[in-house]
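The values are calculated or read from the model by the stated rules, or taken from the named source; none is laboratory data. From a predicted model like this one, the values you see are computed outputs, not experimental measurements. Here the Cβ is made from the backbone with ideal geometry for all residues, glycine too, and neighbour counts use every protein chain on show. Accessible surface is based on the protein model in full, side chains and every heavy atom, while ligands, DNA and RNA are left aside. Shrake-Rupley method; radii C 1.70, N 1.55, O 1.52, S 1.80 Å.
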Amino acid sequence: MKSSELRSFEDYQKAYELSVKEPEIFWEEQAMKLKWIKKWDKTLQWNFDEPHIKWFEGGKFNITENCLDRHLEKRGNKIALIWEPNDPKERFLRLTYKELYDKVCQMANVLKRNGISKGDVVCIYMPMIPELAISVLACARIGAIHSVVFAGFSASALAGRIQDAKAKLILTSDGLNRGAKQIPTKRIVDEALEHCPSVQKVIVVDRLGWAVDMIEGRDVYLHNELPMVDKHCPPEPMDAEDTLFILYTSGSTGKPKGVVHTIGGYAVFVDYTFRNVFQMDESDIYWCTADIGWVTGHSYIVYGPLLAGATTTMFEGIPTYPDPGRFWQVIDKYGITHFYTAPTAIRSLMAAGEDHVLSYSLDSLKVIGSVGEPINEEAWHWYNIHVGKEKCPIVDTWWQTETAGIMISSLAGVTPTKPTYAAYPLPGVQPVLLDGEGNELHGNNVEGYLCIKYPWPGILRTTYGDHDRCRQTYFSNYKGYYFTGDGAKRDENGLYRIIGRVDDVINVSGHRFGTAEIENAININKKVVESAVVGYPHDIKGQGIYAFVILWNENDENESPERVRSEINETITAEIGKIAKPDKIQIVRGLPKTRSGKIMRRILRKIAENDLSNLGDISTLLDPTVVEEIIEGRI
Ligand code: PRX
């Protein structure tokens, strides 16, 4: 029996119509499917000017009661979580709903024992081990706000996020496995904490059995804490508009900002979108390959599947370890029916050759999905033919950290799909395309800036500690609209195709970086005077990072360009993390600037793309000759 309510195109059309005509009635109906401790008084209050958005105000709710307690009677013995370790020879783990419930309650009590209560911020810096999902849920159980930081970020990036959120406690592990490598997570935390006075406690999961430094009075091992606490922990009754989590994401300016999501609206939106996009049967097994450090993992590894009472899978490793057949081996091992991954993973496995995928049956698959960046035609077809065997609908799901859940996507097997198109908006989502002046482009066969004109329950409420930044970033470009930062096209049938970012955000393997953020990191290197970073098309990553760098002493004979490049890479690894390392670093004498000193990124983007046909008028630049030199030296 499917848990979705939309089973036919007609169902979708009716729901969509109602959701536009009567959005409050539509979302009230969805919200009623969850368990409320007290029903809300006011369904929606909003304006996009401040912005001020409140859903289900007055309602009392706990998301873990909906993810766990609510299922115990019917699904207590159903598998809630499958965990596949990095090393295929290590034992996997399966937790039933009852077992997961017990573990979450215990972890919640460990948090309480270590001084955490409602409203405190807990930072989670952990690999993809079961304790990560359990920690997220434990925070939500007692009303603490979780801020998960992807464990690939450096100590400096972690410190910035801890300081911004004033986190009181960190949950981490001794180290982590990543393919053949191991990374010292606890040491990174220790380094970060030299600059984070707000942190009082560190709870360490013993993943690798390493002897790590433990600071007396600050650091405790989880396995020593668990026997000290009770198994029982009642869900804290939370206000619908209390904060559930903060998740940092990059924008076109400044430091990454903490996107804030609140409890009630987030739960309703993620529950509705998960059930209707994926269309799971009760016995199906779902696997999303994202990391819980990103929004996809929050919404569609932890909360969405558990709200729906589904079986969700967590994978500790990487797609190419021990070989590029790993994903397909795991699908056969557990009989995965619903598989959700990113185009960059598909492209890298495609490049590894068909043999790896052809040696597995993949018979269990029913639905396959894509998320994080535009999927190119070739990757779409490869995914369809070799993974889906042309019998599995592909859901290409467009959404963002800020939207909490899927906004535009086909509903598996229910609404039309088209290669490279995210297709139709979900009920309750009202996308529009605007021209450069902010006028709505009506009708079909149009292309413009993708905005949303009406709030949905999962919309971000603010950016942590800086509401004005939220207003400026998302609500000031086009008055009265939420601006996504993406460009999109609507085809002759009204299907949407996402073209990509139109701001200074680079999407590398589905991960967002601001050009300014990378430039700031590069400029920390003492040899660098100035830098400019742009994205360029990359076969595997979608976009690669191209950095143009001016040095203080370009003629120093002791400096080989290789050495300078590797030093710059080290600086970026220390400031942000390896994931932000440029693919290309070109040392230049000057940058193309206007007379007022503004860098002409458009020209640099063209050069990085190797498209020299249309550089535009360069005669008005401060020094037009630098363009020639950059072209000559391009990599
Ligand atoms: O440019 C869009 C791209 O990823 C951005 C959001 O990134 P993030 O907040 O990290 O969330 C990623 C996971 C939801 C968007 O602005 N993007 C995401 N999904 C798609 C996509 N671009 C095209 N097609 C998609 N399906």
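Tabulated values for the structure
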read-out: Antiparallel bridge percentage (DSSP; both residues within region 139-283; nearest 5); value: 45
read-out: HN-Hα J in Hz across region 436-453 - Karplus 6.51, -1.76, 1.60, θ = phi - 60°, x for Gly and Pro; value: x, 8, x, 8, 5, 8, 8, x, 9, 6, 10, 9, x, 7, 7, 10, 10, 9
read-out: Integer Hz, Karplus 6.51/-1.76/1.60 couplings in order for region 170-186, x for Gly and Pro; value: 10, 9, 8, 10, 4, x, 9, 9, 9, x, 7, 9, 10, 10, x, 4, 5
read-out: Carbon plus sulfur fraction of accessible area for region 349-446, probe 1.4 Å, in percent; value: 48
read-out: In Hz, Karplus ³J(HN,Hα) per residue of region 626-633 (6.51, -1.76, 1.60; θ = phi - 60°; x = Gly, Pro); value: 5, 5, 4, 5, 5, 4, 4, x
read-out: In region 505-632, lysine pairs with alpha-carbon atoms under 23 angstrom apart (chain gap of 8 or more, or interchain); value: 20
read-out: Free-standing Cys residues across the chain, given no other cysteine C-beta under 4.7 angstrom; value: 67, 123, 139, 196, 288, 392, 451, 470
read-out: Most positive-pole-ward Cα, 221, 124, 547, against dipole of the chain from beta carbon charges; value: 221
read-out: Over 29 Å between alpha carbons, listed pairs 333/489; 98/118; 186/366; value: 333/489; 186/366
read-out: Whole-Å distance, taken between Cα centres, linking region 594-622 and region 70-137; value: 51
read-out: With every protein chain in place, region 505-632: carbon and sulfur % of accessible area (1.4 Å); value: 47
read-out: Rounded to 5, the percent of DSSP beta bridges in the chain classed as antiparallel; value: 60
read-out: Region 409-442-region 160-190 distance, computed between alpha-carbon centres (Å); value: 38
read-out: Fraction of antiparallel bridges per DSSP, region 505-632 only, in percent to nearest 5; value: 75
read-out: Spatially proximal lysines relative to residue 257 (Cα-Cα < 16 Å; intrachain offsets below 8 disregarded); value: 166
read-out: Solvent exposure of the chain as accessible area per residue, Å², 1.4 Å probe; value: 38
read-out: Ellipsoid semi-axes in whole angstrom, largest first, where each is sqrt(5λ) of the Cα gyration tensor of region 505-632; value: 22, 19, 13
read-out: Rounded percent of accessible protein surface that carbon and sulfur make up, region 1-118, 1.4 Å probe; value: 49
read-out: Region 2-126 - Kirkwood radius from inverse mean 1/r over Cα pairs (Å); value: 18.5
read-out: Accessible surface of residue 87 - all protein chains present, 1.4 Å probe, nearest 10 Å²; value: 50
read-out: Reach of residue 391 by Cα under 19 Å, taken over aspartates and glutamates that are not fewer than 8 positions away in the same chain; value: 281, 284, 332, 354, 363, 377, 378
read-out: Over 24 Å (Cα to Cα) - which of 42/74; 2/74; 35/74 fall in this group; value: 42/74
